[in-house]
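Working notes, structure below.
The values are calculated or read from the model by the stated rules, or taken from the named source; none is laboratory data. Worth saying up front: this structure is predicted, and the values here are computed from it rather than measured. Here the Cβ is made from the backbone with ideal geometry for all residues, glycine too, and neighbour counts use every protein chain on show. Note: areas computed on protein heavy atoms with side chains; ligands, DNA, RNA excluded. Shrake-Rupley method; radii C 1.70, N 1.55, O 1.52, S 1.80 Å.
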Number of protein chains: 2
Amino acid sequence: MIVDCHGHYTTAPKSLEGFRKRQIEGLKDPSLSPAKDSLRISDDALRESLEGAQLKLQRARGTDLTIFSPRAGGMGHHIGNAATSALWSGICNELIHRICTLYPKNFVGVCQLPQSPGVRPDNCIPELERCVKEYGFIGCNLNPDPSGGYWTDPPLTDKWWYPLYEKMVELDVPAMVHVSASCNPNFHFTGAHYINADTTAFMQFLTSDLFKDFPTLKFIIPHGGGAVPYHWGRYRGLAQDMGRLPLKELLLNNVFFDTCVYHRPGIELLLKVVPADNILFASEMVGAVRGIDPETGHHYDDTKRYIDAIDWVSAADKEKIFQGNVRRVYGRYAAAMAARG
Amino acid sequence: MIVDCHGHYTTAPKSLEGFRKRQIEGLKDPSLSPAKDSLRISDDALRESLEGAQLKLQRARGTDLTIFSPRAGGMGHHIGNAATSALWSGICNELIHRICTLYPKNFVGVCQLPQSPGVRPDNCIPELERCVKEYGFIGCNLNPDPSGGYWTDPPLTDKWWYPLYEKMVELDVPAMVHVSASCNPNFHFTGAHYINADTTAFMQFLTSDLFKDFPTLKFIIPHGGGAVPYHWGRYRGLAQDMGRLPLKELLLNNVFFDTCVYHRPGIELLLKVVPADNILFASEMVGAVRGIDPETGHHYDDTKRYIDAIDWVSAADKEKIFQGNVRRVYGRYAAAMAARG
């Protein structure tokens, strides 16, 4: 069993994008706002959007199950207000639920939250609860910068976020720290904003006592942890200079990295410096990079291939990375699987 | 001959900090503004500030010359206005010049620029010209985010910056892309803001035609290039998906990385994926991380040791990294050395 903990629904039918476009137009001219039920996507259209993409790639690459969430770049929390985000998140999460129902062996859901810049994250609790309790989702994506590149909300370690964390702990669901599109021209979204957010979140955690307050709260930092494993010595040294505990004790009960690193030397570094207990297999397909690497003849994002090729990681550690850790990090995973039979 | 291309004057006498404090107080109450000549630092005080720090570490580690600039975290371009930055930059650069005059075999200068958020970088040209022509400096530090963490100025690839680039090309000096302190609580300065800026700048270059407009313009991206080498496959793939040239042709005549990566696996990755022609030795001592790594018994930032220990990089490539590339990237380096005799 190989579980990919990081997949987004990046291949939705065009009508979803059309609805979103009308929703955005409606912000200026409310008469253009689409009714929620004006969006109709058939089960066949959902199947068609997946069969030639995520499902085909799962089969081709030998992965079994994807922890699946709405397109991250499409969350667009900076657009409109909390009501805009509530409607849009509800729609996107519902599509993920339908997909998980159509393909229970292939997908398990993680939700988008209806965040909005300057709005207390308490407003996300009902949607999180709904997705977990009604849809059987096992986690959420948490955007550390709902402003889309201006970073105007408090750090993830601020009490601002605590009510949401309390609910996450109660529901036993982790969050993947994941920004959305950037509306700041300085930041290319998949090339800079995503990676920067990963690095930023880790350093916020490093300098705080968040996990003293929430010993069971768990975060997955995607894209291989941003810059963190490459600068592991820097982070060990910074923690030490600040008189904090070693990273392992300080953070590694609560913080996990995925394997969305698109070349073998990067994956090797990750596996060398981060304990296997803290690494979760992921590819983010179909995602940021879609091409074939001329140096290998394979897709850049076929990350399983890099891990398979490494012979100095034990079978037991690979087992943890491919599925064992998922059971530990996503508290509701086992029950969700049992429910699927 | 071993040249460290990245050192800041982080050990200045306390009176410098005191002057800056009064300068900042003067922004609210001009009667408190210090006169420029109220700051008096003797040659002996300069010597004392260096002998037990940078000079001692140069000797201990077997490095010869440091390309030396004012403390990056102290540039504080977000504080006050252009006049504030002009006075402060002038003072900081003058200290570097005095240090290079006292220790011509140990230091060669790079200047801080009097940037200010929202102010056209044209205002930096006189100070750059002064430092290069009068002080014999060989480069500058360019802050891609003078706002200190809110990223409100245009990307480095915007025509906003072109007058400064024209002057850099004319003077034949490169810029190290280096932010300063962060006033955004989301970003720890050395743990997030620095690394994010490195990653951001690289992606800006990747998506632009800046180097078609300035074929001889050169940038050093410090801190091992931020997240870039770790995600080299991602960046190769993003360029490819966008139909751009391969990274080598697209960027590597103009963009260089330093070796400020504070553990051996990180340095190994850098040397594996980035051509030796594009790597410049650096340690940033005395800098972001000052402790001793308990895993090695040596300073985290003793980066020479990591490179020395790698046996699969040829002597010719190490020679390039330790000094050869400096001659190529810093067009005025050879003349500056010749002037020292």
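General remarks:
- Here A:ILE91 fulfils each of the conditions (1) in contact (Cβ under 8 Å) with a residue 12 or more places away in the chain; (2) more than 17 Å from the chain's Cα centre (by Cα); (3) within 23 Å of A:GLY26 (Cα to Cα); (4) open to solvent by 50 Å² or more (accessible area, probe 1.4 Å) apart from (4).
- Residue count, the stretch B:233-258 (criterion: among the aromatic types (Phe, Trp, Tyr), within 13 Å of chain A (Cβ to nearest Cβ) and either open to solvent by 70 Å² or more (accessible area, probe 1.4 Å) or more than 15 Å from A:HIS188 (Cβ to Cβ) (or both)): 1
- Within the stretch A:46-60, not a single residue is within 18 Å of the chain's Cα centre (by Cα) and of a type in the set (Gly, Ala, Ser).
- For the stretch A:177-189, taking the residues that are open to solvent by 10 Å² or more (accessible area, probe 1.4 Å) and not aromatic (Phe, Trp, Tyr), the one that is farthest from the chain's Cα centre (by Cα) is identified as A:PRO185.
- Unmet requirement for B:GLU295, which otherwise passes all of (1) open to solvent by 10 Å² or more (accessible area, probe 1.4 Å); (2) over 21 Å from B:GLN58 (Cα atoms); (3) within 19 Å of the chain's Cα centre (by Cα): (3)
- Within the stretch A:233-244, the set of residues being in a helix (DSSP H, G or I) and out of contact with any Cys (no Cβ under 9 Å at 6 or more places or on another chain) comprises A:GLY233, A:TYR235, A:ARG236, A:GLY237, A:LEU238, A:ALA239, A:GLN240, A:ASP241.
- Residue in the stretch A:100-110 that is away from every other protein chain (no Cβ under 14 Å), over 21 Å from A:LEU50 (Cβ atoms) and surrounded by fewer than 21 Cβ atoms within 10 Å (Cβ to Cβ) present: no
- Residue-level check: of (1) over 19 Å from B:ASN93 (Cβ atoms); (2) surrounded by 14 or more Cβ atoms within 10 Å (Cβ to Cβ), B:SER49 misses just (1).
- Yes/no for B:ASP172 being farther than 23 Å from A:ASN184 by Cα and open to solvent by 10 Å² or more (accessible area, probe 1.4 Å): yes
- Conditions (1) touching a Leu at 6+ places or on another chain (Cβ under 8 Å); (2) closer than 17 Å to A:HIS223 by Cα: number failed by B:HIS231: (1)
- Residues located in the stretch A:245-255, provided they are touching a helix residue (DSSP H, G or I) at 6+ places or on another chain (Cβ under 8 Å) and in a helix (DSSP H, G or I): A:LEU247, A:LEU250, A:LEU251
- Close Cβ contacts (under 9 Å, 6 or more residues apart or on different chains) running from residues in the stretch A:187-216 that are under 19 Å from A:PRO174 (Cβ atoms) to residues that are of a type in the set (Asp, Glu) and part of a helix (DSSP H, G or I) comprise A:PHE214/A:GLU166.
- Summed over the stretch A:20-32, residues that are at pLDDT 95 or above and either surrounded by 12 or more Cβ atoms within 10 Å (Cβ to Cβ) or under 10 Å from A:THR84 (Cα atoms) (or both) total 8.
- Selection of the stretch A:261-310 for residues being of a type in the set (Phe, Trp, Tyr) and under 12 Å from B:ARG236 (Cβ atoms) yields A:TYR262, A:TYR300.
- Residue check, A:TYR194 among the hydroxyl-bearing types (Ser, Thr, Tyr), modelled with pLDDT of 95 or more and touching a His at 6+ places or on another chain (Cβ under 6 Å): yes
Listed here are the residues, each with its yes/no results for (1) under 24 Å from B:TRP151 (Cβ atoms); (2) of a type in the set (A, V, I, L, M, F, W, C).
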| residue | (1), (2) |
| --- | --- |
| A:ASN123 | no, no |
| A:PHE137 | no, yes |
| A:THR157 | yes, no |
| A:TRP160 | yes, yes |
| A:ASP172 | no, no |
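- Residues in the stretch A:311-341 that are open to solvent by 30 Å² or more (accessible area, probe 1.4 Å) and of a type in the set (A, V, I, L, M, F, W, C): 8 in all.
- A:ASP44 within 23 Å of A:PHE137 (Cα to Cα) and either open to solvent by 20 Å² or more (accessible area, probe 1.4 Å) or out of contact with any helix residue (DSSP H, G or I) (no Cβ under 7 Å at 6 or more places or on another chain) (or both): yes
- Note on the stretch B:261-288: among residues that are touching a residue at least 60 places away in the same chain (Cβ under 8 Å) and either under 17 Å from B:HIS231 (Cα atoms) or open to solvent by less than 10 Å² (accessible area, probe 1.4 Å) (or both), the one that is nearest to the other protein chains (Cβ to nearest Cβ) is B:GLU284.
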